[in-house]
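Read through the structure below, which is laid out as structure tokens, and then see the notes.
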Amino acid sequence: MKYVCPVCGYVYDPELGDPDNGIEPGTAWEDIPEDFVCPLCGVAKEDFDVEE
């Protein structure tokens, strides 16, 4: 599964992580802190959409 910001389209793929923002590859969405926000536009983690 991938997680998509509904505002700007940023995609978080757990396999790739987001090394530029301190999230190692292989980090599950559930393991990202609840205060995570989209690194591009600031949308809250809870507002991301799930993409199968």
* Asked: Residue check: is E46 exposed (fewer than 10 other Cβ atoms within 10 Å of the Cβ) and outside any loop (DSSP other than H, G, I, E, B)?
  -> yes
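Quick grid of which residues meet (1) touching a helix residue (DSSP H, G or I) at 6+ places or on another chain (Cβ under 9 Å); (2) exposed (fewer than 13 other Cβ atoms within 10 Å of the Cβ); (3) not in a loop (DSSP other than H, G, I, E, B):
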residue: G9; (1), (2), (3): no, yes, no
residue: E15; (1), (2), (3): no, yes, no
residue: D20; (1), (2), (3): no, yes, yes
residue: G26; (1), (2), (3): no, yes, no
residue: D35; (1), (2), (3): yes, yes, no
residue: G42; (1), (2), (3): no, yes, no
residue: V50; (1), (2), (3): yes, yes, yes
* Y3 is checked against (1) open to solvent by 70 Å² or more (accessible area, probe 1.4 Å); (2) outside any loop (DSSP other than H, G, I, E, B) and fails just one. What number does that condition carry? -> (1)
* Just give me the residues in the range 1-39 being among the charged types (D, E, K, R) and in contact (Cβ under 8 Å) with a residue 12 or more places away in the chain, in sequence order. => K2, D18, D20, E34
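The values are calculated or read from the model by the stated rules, or taken from the named source; none is laboratory data. Computed from a predicted model, the values in this text were never measured in an experiment. All Cβ positions, even for glycine, are placed from backbone atoms using ideal geometry, and neighbour counts span all protein chains on display. Please note that ligands, DNA and RNA were not included when accessible areas were found on the heavy atoms of the full protein model with its side chains. Shrake-Rupley method; radii C 1.70, N 1.55, O 1.52, S 1.80 Å.
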